[in-house]
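Written out below as structure tokens is the structure these notes cover.
The values are calculated or read from the model by the stated rules, or taken from the named source; none is laboratory data. Here the structure is a predicted model, which is why all the values come from computation and not from measurement. So basically every Cβ, Gly included, is an ideal-geometry build from the backbone, and we count neighbours across all protein chains shown. SASA here: full protein model, heavy atoms, side chains in, ligands and nucleic acids out. Shrake-Rupley method; radii C 1.70, N 1.55, O 1.52, S 1.80 Å.
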Amino acid sequence: MIDEGEYNHPPHAPRVREHIGLIRWRRTSDGEWECETVTGQYAGGDSHCWRVRLYTGIELEYDLDDWAPYKPQL
């Protein structure tokens, strides 16, 4: 059985240049939920922090304690 910790921290990172997406849900000050997504190519990292090369060419790091990976529909 998979627990919540294993979902947020995959056992291994994607292949370099694999197309990936990350999603984050946050509660706003008025109590509503807002969703933020990022898509790009995997550029490195480990099971706790991924570097993503956005399609604009900028490379950023995302903490998997805040972001959950998903497979984008390209």
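Less than 5 angstrom separates the built amide H of G40 from those of I20, all sequence-distant by 5 or more or on a different chain. Heavy-atom accessible area with a 1.4 Å probe sorts Y70, Y42, largest first, into Y70, Y42. Heavy-atom accessible area, probed at 1.4 angstrom with all protein chains present, ranks D66, D30 as D30, D66, highest first.
Electrostatic bookkeeping for E61 treats Lys and Arg as +1 and Asp and Glu as -1; over the other residues with beta carbon under 13 Å from its beta carbon, the sum is -3. Sparsely packed loop sites in the stretch 12-47 (the GluC sites (Glu not before Pro) outside DSSP H, G, I, E and B with at most 12 other Cβ atoms within 10 Å) comprise E18, E32.
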